[in-house]
Amino acid sequence: MEIIHKIGRRKTAVARIYLSQGDGAITINNKDLNDYFPTATLQYKVKQPFTLTDTTDNYNVKVNVFGGGITGQAEAIRLAISRAMCEVDIENRATLKPEGLLTRDPRMVERKKFGQKKARKKFQFSKR
């Protein structure tokens, strides 16, 4: 099996993954998964595509991720891995699609407008 390269995005986080046959090692920005994402929920999010497709220890993943916060980065990695798993075996799509793992979350931060404090918040209004 050749190396599969996929990209996942979430908010401003961009994750590039390189999936290859291996023993289940996940390296993120040259760090181990457990070092980069210390909380169990973020580790679960990253491993979720492998868990759903029963391929937990079959592939090695090398990830370059930048931008956004840790949750956005974890979800960007999850999307990229899900896309790669669909390329490995088209049958995986039927498992991942209903879970919503192949959908790019379009929600972004709304821009600040001039004459306002933030995107929606206004300056205090004085009647007199």
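No lab work stands behind these numbers, since they all come straight from the coordinates. Small disclaimer: the values here were computed from a predicted structure and weren't measured. In this analysis, Cβ positions are derived from the backbone assuming ideal geometry, glycine residues included, and neighbour counts consider all displayed protein chains.
Which one is nearest to Ile7 (Cα to Cα), of the residues in the range 66-80 that are over 8 Å from the mean Cα position of the chain (by Cα) and among the hydrophobic types (A, V, I, L, M, F, W, C)? Looking at residues that are over 8 Å from the mean Cα position of the chain (by Cα) and among the hydrophobic types (A, V, I, L, M, F, W, C), I get Phe66. For beta carbons closer than 7 Å, sequence separation of 6+ or different chains, a first residue in the range 53-77 that is at positive phi and a second that is not in a helix (DSSP H, G or I), the qualifying pairs are Gly67/Thr12; Gly67/Ala13; Gly67/Val14; Gly68/Arg10; Gly68/Lys11; Gly68/Thr12; Gly68/Ala13.
Right, Thr51: more than 15 Å from Lys6 (Cα to Cα), polar (S, T, N, Q), outside any loop (DSSP other than H, G, I, E, B) and under 17 Å from the mean Cα position of the chain (by Cα) or not? Step through it out loud before you land on a result.
Numbers: more than 15 Å from Lys6 (Cα to Cα): yes; polar (S, T, N, Q): yes; outside any loop (DSSP other than H, G, I, E, B): yes; under 17 Å from the mean Cα position of the chain (by Cα): yes.
Yes: the conditions hold for Thr51.
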